[in-house]
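Notes follow the structure.
Read-outs throughout are calculated quantities, based only on the coordinates presented, and are distinct from any laboratory measurement. The shown structure was predicted, so the numbers you read here are calculated from the model rather than taken from an experiment. Cβ sites come from the backbone with ideal geometry, for glycine too, and all protein chains shown count toward neighbours.
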Amino acid sequence: MTVTLDNEDYPCYMWEIQPESLAAIYAMQGWPIADAENGYPTADEIEAVVRRMVDGLERDERDSATLYLSSARMLVYRDPDFPSSYEIYLHVGYVDMEGG
């Protein structure tokens, strides 16, 4: 998923997985988040979490070393080569290379 800021007031969200589908994944997997009214996030709550992280990275202009913020199993990454574009990642699990 990518968020591109067309101007300061209007971000253009280009969701490859719609927030409604993400909300269904959270509910099916049993992944509650703290900000959700009913435990599991709605599509609007997912968009709000992403927006807070994008806004946080936008405000943090003085520290260009901050490239990402994470919350609620999601990570928003700011590409230093494209400062007005953000990538959104969803944490789905781990790989145990030691097999233990």
Summed over the other residues with a beta carbon less than 11 angstrom from that of Glu87, with K and R at +1 and D and E at -1, the charge totals -1
Computed E for Asp96/Asp35 - FRET, C-beta separation, R0 25 angstrom, nearest 0.05
0.25
Select from the stretch 17-71 those trypsin sites (Lys or Arg not before Pro) which occupy a DSSP coil region and have at most 12 other Cβ atoms within 10 Å, ordered by residue number.
Arg62
Dipole of the stretch 23-100, Cα-centred, from +1 at each Lys and Arg C-beta and -1 at each Asp and Glu C-beta, to the nearest 20 debye?
80 debye
